[in-house]
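Asks: Structure incoming, see below.
The values are calculated or read from the model by the stated rules, or taken from the named source; none is laboratory data. This one's a predicted model, so the numbers in the text were calculated from it and none came from an experiment. Don't worry about glycine lacking a Cβ; one is built from the backbone with ideal geometry, like all the others, and counts go over all protein chains shown. For the accessible areas, the whole protein counts, side chains as well, though only heavy atoms, and no ligand, DNA or RNA atoms are used. Shrake-Rupley method; radii C 1.70, N 1.55, O 1.52, S 1.80 Å.
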Amino acid sequence: MNDIEKSIKDLMLKNKRTLNSYQYTVPSPDTYPYQWLWDSCFHAIILSHFDVEDAKKEIFSIISKQFNNGMVPHMIYWEKKDVINFDWGKDGTSSITQPPMLAYAVWQIFQKDNDIEFLKSIYIPLFHFYKYLINDRDPHENDLIGIIDPDESGEDNSPRFDTLLNLPPVQTREKSLEKRLLLVKENKECNFDAPFCMKNFFWVKDVPFNVIMVENLRALSFIAEKLGNSHDVAYFNKKRDMIVKAMRSLMYEDGIFWSTYGEDYQKIKLKTWAIFSPLFAKILTQEEAKKLVEEHLLNKEEFWGKYPVSTVAMDEPSFDPEGFWRGPTWIATNWIIHKGLLNYGFSKEANDIKNSSLELIKNSGLREYFNPLTGEGLGARDFTWGGLVLDMNGN
Ligand code: GLC
């Protein structure tokens, strides 16, 4: 076992929490001492490599606070602490969601031990969660899933959302938070009604969220197939195809899928790592992928700094190498791009991303994010997402 693998296993153990019959992992003990939705999916993926039972527990705990309408909240406050104490209008949870990586994580766990009972026990909550996204986040059946707050993208202060929040390209994290908290307030006043009320305040069809939805509907159809639910298999495959088609007609221009906002699908033409996320769900053709990788990913002026992949292109006015989601390299986004590159046979580039991620961790530790120009570790300490290197293939 190499040193990094050992430090990841130690960290997962250190950040593991148990409460009543539930077990979960905090992303970082000091900075993020609660449970988060897509973090828990990442945790389950990491844990599936060395403790499949813990991986399942992570899924059961995150699903345990599912709302009656099917939404899975992005935060669970199992224990109250002094940080990130916002009034979301709900007891013990937030009132928004996060990228739906759940079915993917469940399918990955199943690959490890073929435990059909696990699939059976998780299928109904999964079904309702994805059904909620399909129904409530796409009320007019235009086949793209909407988010009602930047935090639902998992990239809280990404410049993709600046225009909508009326923020300039250079800004502070406080200013961004202020705007996002206004949306939390609107959400409460809307009585958490996304399709008819919240969509008037913030309504983005985000590329990574939809990509993750597509890939997860694929996983969900595999799960349904294992359980013999052939109608569900057909349904999820149909929905998946419809989202891919809508992404093409409403988001694609000049070789890039752009996030859109509003009911008239205005494209947000700002280059972030999101432009590579469609590789993860095989949405591009081989030719389109090649062009995207050569022109943008490997471009030293844009995304391929000393420690790729920067979350915002280095030639964007909003690029800030230390700015949280405004430029730094994150291991989870690297993992998504790495997987995407492998889908198209770009094994050298996928390997480069793996090695660069390992180097960042080796030199700067398990930090939340990294300066793409210097490799300096930034943000939270003892942060779990670095563990995703265990799920990167190749050497
Ligand atoms: C930050 C990240 C978000 C993550 C959370 C917990 O808010 O932007 O993606 O889920 O921290 O790690």
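Asks: Taking the range 134-185, which residues are surrounded by fewer than 19 Cβ atoms within 10 Å (Cβ to Cβ) and among the acidic types (Asp, Glu)?
Replies: Hits for the range 134-185 are Glu141, Asp156, Glu174, Glu178.
Asks: Now a separate question. Kindly list the number of the only condition in (1) within 16 Å of the ligand (Cβ to nearest atom); (2) touching a strand residue (DSSP E or B) at 6+ places or on another chain (Cβ under 6 Å) that fails for Glu368.
Replies: Unmet for Glu368, out of (1) within 16 Å of the ligand (Cβ to nearest atom); (2) touching a strand residue (DSSP E or B) at 6+ places or on another chain (Cβ under 6 Å): (2).
Asks: Considering (1) surrounded by fewer than 22 Cβ atoms within 10 Å (Cβ to Cβ); (2) in contact with a strand residue (DSSP E or B) (Cβ under 8 Å, 6 or more places away or on another chain), say which one Glu295 fails and leave the rest.
Replies: (2)
Asks: If you don't mind, there's one more thing I want to ask. Quick one: which residue in Arg326, Arg367, Arg381 is within 18 Å of Ser277 (Cα to Cα) and at pLDDT 95 or above? Lay out the reasoning, then the answer.
Replies: Details: Arg367 fails: within 18 Å of Ser277 (Cα to Cα); Arg381 fails: within 18 Å of Ser277 (Cα to Cα).
Result: Arg326 is the single residue among Arg326, Arg367, Arg381 that is within 18 Å of Ser277 (Cα to Cα) and at pLDDT 95 or above.
Asks: Within the range 34-53, does at least one residue satisfy the condition of being within 12 Å of the ligand (Cβ to nearest atom), assigned to a loop (DSSP other than H, G, I, E, B), modelled with pLDDT of 95 or more and buried (at least 24 other Cβ atoms within 10 Å of the Cβ)?
Replies: Scanning the range 34-53, I find no residue that is within 12 Å of the ligand (Cβ to nearest atom), assigned to a loop (DSSP other than H, G, I, E, B), modelled with pLDDT of 95 or more and buried (at least 24 other Cβ atoms within 10 Å of the Cβ), so the answer is no.
Asks: Looking at Ala194 and the list (1) open to solvent by 10 Å² or more (accessible area, probe 1.4 Å); (2) closer than 18 Å to Met71 by Cα; (3) part of a loop (DSSP other than H, G, I, E, B), which single condition is not satisfied?
Replies: (1)
Asks: Then there is this: Say we look at the range 277-292 and pick out the residues that are assigned to a helix (DSSP H, G or I) and among the basic types (Lys, Arg); which of these is nearest to Phe346 (Cα to Cα)?
Replies: Lys290
Asks: Something else: Of all residues in the range 371-388, how many are part of a loop (DSSP other than H, G, I, E, B) and either away from the ligand (no atom under 13 Å from the Cβ) or open to solvent by 50 Å² or more (accessible area, probe 1.4 Å) (or both)?
Replies: So the answer is 8.
The rows are residues; the columns are (1) over 15 Å from Leu284 (Cβ atoms); (2) surrounded by fewer than 16 Cβ atoms within 10 Å (Cβ to Cβ).
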| position | (1), (2) |
| --- | --- |
| Ala224 | yes, no |
| Asn229 | yes, no |
| Phe236 | yes, no |
| Arg240 | yes, no |
| Arg248 | no, yes |
| Met251 | no, no |
| Asp254 | no, yes |
| Phe257 | no, no |
| Gly262 | yes, yes |
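Asks: Can you work out which of the residues in the range 307-322 that are part of a loop (DSSP other than H, G, I, E, B) and open to solvent by less than 10 Å² (accessible area, probe 1.4 Å) is farthest from Leu390 (Cα to Cα)?
Replies: Ser318
Asks: Right, here's the next one. If you go through the range 351-378, how many residues are within 23 Å of Pro29 (Cβ to Cβ) and free of Cβ contacts under 8 Å to residues at least 12 places away in the same chain?
Replies: 0
Asks: Taking into account only those residues within the range 328-348 that are in contact with a Phe, Trp or Tyr (Cβ under 9 Å, 6 or more places away or on another chain) and open to solvent by 10 Å² or more (accessible area, probe 1.4 Å), which is farthest from Trp304 (Cα to Cα)?
Replies: Checked the range 328-348; the qualifying residue farthest from Trp304 (Cα to Cα) is Asn343.
Asks: Another one. Being away from the ligand (no atom under 16 Å from the Cβ), closer than 13 Å to Tyr24 by Cα and open to solvent by 40 Å² or more (accessible area, probe 1.4 Å) is the filter here, so list the residues in the range 57-83 that pass it.
Replies: If the condition is that a residue be away from the ligand (no atom under 16 Å from the Cβ), closer than 13 Å to Tyr24 by Cα and open to solvent by 40 Å² or more (accessible area, probe 1.4 Å), then Lys57, Phe60, Ser64 are the ones that fit.
Asks: Could you check the range 16-26 and list, in sequence order, the residues that are buried (at least 22 other Cβ atoms within 10 Å of the Cβ) and of a type outside the set (A, V, I, L, M, F, W, C)?
Replies: Those that are buried (at least 22 other Cβ atoms within 10 Å of the Cβ) and of a type outside the set (A, V, I, L, M, F, W, C): Tyr24, Thr25.
Asks: Moving to a separate point now. Looking at the range 17-30, which of its residues are under 19 Å from the mean Cα position of the chain (by Cα) and either farther than 20 Å from Asp391 by Cα or away from the ligand (no atom under 12 Å from the Cβ) (or both)?
Replies: Residue satisfying the conditions is Tyr24 alone.
Asks: If you go through the range 349-370, how many residues are more than 22 Å from Gly154 (Cα to Cα), open to solvent by 10 Å² or more (accessible area, probe 1.4 Å) and in contact with a His (Cβ under 7 Å, 6 or more places away or on another chain)?
Replies: 0
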